[in-house]
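Chemist: Got a structure for you, questions after.
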Amino acid sequence: MKIPMISRITGFFVICGIILISGCGGGIKPTDTDTPTTGKFKVGVDDSYSLLTDAELFTFKSLYPYSSIDTLCRAEADVINAFMKDSVSLMIVSRKLTEDEEKHLNGLQIYAKTTKIAYDAVAFIINKENPDSTLLFDQIKDIFEGKIKTWKAIDPKSKLNELQIVFDNYKSCNTRYFREKFNLKKLPDDCFAVTNNNEVINFVEKNRGAIGVVSVNWVSDKNDTLSHSFLNRIKVVGISPQGSTNPNGEFYTPHPAYIAEGSYPFTREVYCINRQVYIGLAYGISAFIAGEKGQLIVLHSGMVPAAMPVRLIEVKH
């Protein structure tokens with residue numbers, strides 16, 4: 001059967017139009033579709049976990065090149081606020097949503113999915129020239145309760161004077177952690193904050209009497225050039241287990257083995273929280289971080305994976 005000339009001419013122009021639109025960029029791009037492995041997306045990240053998230057997303061985007069992912073790195077309170085306002089649909093933080101936050105989302109027919117991805121530790125860092133590289137748990141508690149204000153109160157032989165505690169941000173997960181840990185209405189006057197974890201490390205490097213408070217992934221990955229450079233500039237403090245008062249007893253640094261077995265006393269959990277109401281890129285990112293490849297990256301960052309076993313080994317200290 002012959003195709004009428006008018007139909008062939010019409011078909012020709014339709015095909016040409018499709019080719020022209022595609023060539024001019026008017027077609028649907030893979031990144032325009034939101035699936036578990038494609039689309040454009042922004043993740044809210046507590047600054048404490050920016051190094052971990054950078055490594056996770058770099059690998060994810062390498063495996064799935066049609067995913068375009070940006071990050072909003074802020075203090076914990078700011079990230080959660082952005083999440084509640086739907087400025088980001090996925091966030092990586094160290095606390096679950098409160099009952100009030102869940103109730104608010106449920107009222108909008110949004111039922112957030114929370115995925116535990118890691119066990120983290122809060123690390124204490126000091127100046128390279130500070131000889132006091134270990135502290136008792138109760139000494140840390142007394143510092144935050146304002147009972148210890150000088151290094152001489154810790155060691156009468158110390159040549160250092162005033163003790164300063166420096167946080168990354170007053171709205172960070174680190175300040176919240178110690179207020180809750182020690183049931184504090186406020187932090188003591190010798191505590192102050194800069195703007196991020198990088199500045200904490202810079203301050204401690206320049207001030208002999210300072211104690212910095214950071215997430216362990218900032219000072220644990222010797223294979224990461226940024227983390228390794230930080231380790232060369234400061235010292236990580238060893239802490240006694242809670243209840244130990246022996247200055248000659250065991251002290252533990254926030255090594256993954258000690259986090260996993262509970263010897264290091266200042267630990268917490270890390271979560272991916274997703275508010276998307278469909279299975280999109282937020283779901284894909286959460287599933288990747290909680291999966292085998294993502295959990296290996298967690299372990300590499302100095303934290304303990306939440307979804308895979310960790311082999312405990314003896315660590316010389």
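The values are calculated or read from the model by the stated rules, or taken from the named source; none is laboratory data. Keep in mind that this is a model prediction, so the values were computed, not measured. Don't worry about glycine lacking a Cβ; one is built from the backbone with ideal geometry, like all the others, and counts go over all protein chains shown. The protein model used for the area step is the full one, side chains on, heavy atoms only, and it has no ligands, DNA or RNA in it. Shrake-Rupley method; radii C 1.70, N 1.55, O 1.52, S 1.80 Å.
Chemist: Could you pull out the residue among ASN217, ASN274, ASN246, ASN207 that is out of contact with any strand residue (DSSP E or B) (no Cβ under 9 Å at 6 or more places or on another chain) and of a type outside the set (Phe, Trp, Tyr)?
Modeler: ASN246
Chemist: Name the single residue that is nearest to ALA282 (Cα to Cα) among those in segment 114-134 being among the polar types (S, T, N, Q) and assigned to a loop (DSSP other than H, G, I, E, B).
Modeler: Residue satisfying both the conditions and the ranking: SER133.
Chemist: Then there's this: Going through segment 150-207 one residue at a time, which ones are open to solvent by less than 50 Å² (accessible area, probe 1.4 Å), farther than 16 Å from ASP78 by Cα and among the small types (Gly, Ala, Ser)?
Modeler: If the condition is that a residue be open to solvent by less than 50 Å² (accessible area, probe 1.4 Å), farther than 16 Å from ASP78 by Cα and among the small types (Gly, Ala, Ser), then SER158 is the only one that fits.
Chemist: Can you pull out the residues in segment 283-301 that are under 16 Å from LEU51 (Cα atoms) and under 14 Å from the mean Cα position of the chain (by Cα)?
Modeler: Selection gives ILE289, GLY294, GLN295, ILE297, VAL298, LEU299, HIS300, SER301.
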